[in-house]
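Structure record follows, encoded as structure tokens.
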Amino acid sequence: MTTVAAPTSTDTAQRTALALTILRVIVGLIFMAHGYQKFFMYTLPGTTGAFTEMGIPGASLAAPAVATLELLGGLALMLGIGTRFAAALLALTILGALLMVHLKAGFFNPGGIEFPLVLFGGAVALALAGPGAYALDTALSKNR
């Protein structure tokens, strides 16, 4: 009979660091892609028009703010810089989209809450847990 040794705290820490890195990079990439889309594919006037049609309050201010936050906040998550702050802002932004746009479409895609709910969960997890060991935040804090 073969026995399996329990993972050490070092093993657990390395797995957690890797898990946070994977979560951070994937969630950041998705947010960054959506910001890019709002700027360069739909354009800001198109995004503003879409926000207006969806009933987003202050669409002319919200559209560029959301596009910028998604693009730069997503990049920040991918790099692991300002992670908790960027993740918290992205979580609030996607919560607004959930409540104002997606909730009325039900749970499932297209248009439902399932996809934005996953982004919300990922952003909240990163805001709470931080970036993990493999991030610029961590490297910069070690140099201080």
Report task. Return one number: the angle in degrees, 0 to 90 and rounded to the nearest 10, between the long axis of the Cα atoms of helix 9-36 and the longest principal axis of the Cα atoms of the chain. Result -> 20
Query raised in the report: Taking chymotrypsin sites (Phe, Trp or Tyr not before Pro) that fall in a DSSP loop and have at most 11 other Cβ atoms within 10 Å as cut points, what is the longest piece of the chain between them?
Result: 1-106
Query raised in the report: What residue among Thr21, Thr68, Thr12 shows peak mean-square fluctuation when the chain is described by a Gaussian network model with Cα springs under 10 Å?
Result: Thr12
Query raised in the report: Can you give the helix-only mean residue ellipticity at 222 nm for the chain, where every DSSP H stretch with n ≥ 4 adds -39500 (n - 2.57) and the sum goes over all residues, rounded to the nearest 500 deg cm²/dmol?
Result: -22500 deg cm²/dmol
Requested in this report: Choose one of Ala76, Thr21, Pro7: the residue whose Cα lies farthest towards the positive end of the charge dipole of the chain (beta-carbon charges +1 Lys, Arg; -1 Asp, Glu; about the Cα centre).
Outcome: Pro7
Query raised in the report: In percent, how large is the relative contact order of the chain, given Cα pairs closer than 8 Å and 6 or more residues apart?
Result: 29
Query raised in the report: Counting Lys and Arg as +1 and Asp and Glu as -1, each charge on the Cβ, what is the dipole of the chain about the Cα centre in debye, to the nearest 20?
Result: 260
Report summary line: The ratio Rg/Rh over the Cα atoms of the stretch 20-143, Rh being the Kirkwood inverse mean 1/r radius, stands at 1.00
Report summary line: In degrees rounded to 10, the 0-90 angle between helix 114-129 Cα long axis and the longest Cα principal axis of the chain is 50
Query raised in the report: What list of ³J(HN,Hα) couplings, whole Hz, do you get for the stretch 97-104 from phi and the Karplus terms 6.51, -1.76, 1.60, once you set θ to phi - 60° and write x for glycine and proline?
Result: 5, 4, 6, 8, 10, 7, 4, 5
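Read-outs: derived from the displayed coordinates by stated rules, not from any lab. Quantities reported herein were computed from a predicted structural model and do not represent experimental measurements. Every residue, glycine as well, gets a Cβ built from its backbone with ideal geometry; the counts of neighbours run over all protein chains shown.
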